Amino acid sequence: MGREFIDLFEEWAIDYDKSVVGEDPQYREVFSNYEQILDAVVGESLGTVAEFGVGTGNLTIKLLKAGHNVFAIEPSKAMREIAKKKIPSLSIIDGDFLDYPTFAEQIDTIVSTYAFHHLTDNEKKTAIKKFAALLPSTGKIIFADTMFRTVKDKQKKIAEAIRKSHHDLADDLQREYYPTIDTMKNTFETSNFDVSFRQMNDFVWIIIASKK
């Protein structure tokens with residue numbers, strides 16, 4: 001899962017929960033409607049859940065409260081430590097979208113928030129193909145992440161961030177692998193999923209993919 005970005009995760013971990021509530025002006029729009037985004041992912045989830053990119057555990061807490069059994073996967077040690085403090089009973093696997101152990105139970109839903117963009121387009125295809133093989137015929141993938149209708153829209157957001165002197169955000173948008181809607185639609189459909197998209201703020205969309 002974009003292990004080349006691990007150092008960034010380690011640095012961000014201590015301040016991540018401040019960012020999601022809007023304390024960092026550069027990322028305030030990215031995390032707009034954050035609680036509603038998490039709730040929407042939970043609302044679409046069924047059965048036993050594998051969560052990739054657990055981060056500090058905010059989505060995990062909601063999934064557990066909703067009664068789901070959760071297999072938690074997170075590559076960042078610093079993020080895992082914070083999540084463990086919030087949920088002491090939770091076992092968190094050191095893994096990522098491409099490298100994870102065999103699960104002890106059938107996984108019904110695979111979820112992730114603010115993480116899938118760490119993979120290149122080719123890595124995204126590989127991950128979704130593996131998930132298709134992992135899920136049953138009724139399985140679902142529910143992701144929430146930054147993506148754009150077009151490359152032009154992405155470039156507009158980068159230019160806007162630069163105008164606002166939000167240089168960390170501008171660098172982030174240029175450094176990582178934020179996809180277009182069409183790219184994601186093709187990736188899921190190629191692996192035999194019906195897929196739809198719901199926009200939650202100016203950056204984040206929810207992907208709802210049901211295995212055919």
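For residue 122 and residue 102, calculate 0.36 nm times their separation in residues minus their Cα-Cα distance, and state this gained length in nm to one decimal.
Contour length minus the Cα-Cα distance gives 5.0 nm.
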Note: probe point = Cα of residue 28 + 7 Å toward Cβ; backbone nitrogen < 17 Å; residues of the range 131-174 passing the test are 160-170
The base-10 log of I(q)/I(0) that the Debye equation returns for the range 108-210 at q = 0.15, 0.19, 0.24 Å⁻¹, one scatterer per C-alpha, is -0.60, -0.90, -1.33
The answer for the per residue Cα convex hull volume of the range 46-131, in Å³, is 90 Å³
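Just list whichever of 18/77; 130/212; 65/129; 124/156 have alpha carbons separated by over 26 Å in the model shown.
From 18/77; 130/212; 65/129; 124/156, over 26 Å: 65/129.
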Env charge @ residue 38, Cβ radius under 12 Å, K,R +1 / D,E -1, value -2
With all protein chains present, the range 83-195 has a carbon and sulfur share of its accessible area (1.4 Å probe) in percent of 48 percent
Looking only at lysines whose Cα falls under 18 Å of residue 154's and that sit 8 or more positions away or on another chain, we get 164, 185
Quick calc, residue 198 & residue 133: beta-carbon distance into FRET formula, R0 30 Å, rounding 0.05, result 0.70
Output for the range 76-179: GluC sites (Glu not before Pro) sitting in coil per DSSP, at most 10 other Cβ within 10 Å, listed by number, reads 105
Note to self: C-alpha centroids of the range 134-154 and the range 24-58 sit apart, in Å, by 13 Å
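The values are calculated or read from the model by the stated rules, or taken from the named source; none is laboratory data. Note that the coordinates shown come from a computational prediction; the quantities given were computed from them, not determined experimentally. Every residue, glycine as well, gets a Cβ built from its backbone with ideal geometry; the counts of neighbours run over all protein chains shown. Only protein heavy atoms, including side chains, enter the accessible area calculation; ligands, DNA and RNA are left aside. Shrake-Rupley method; radii C 1.70, N 1.55, O 1.52, S 1.80 Å.
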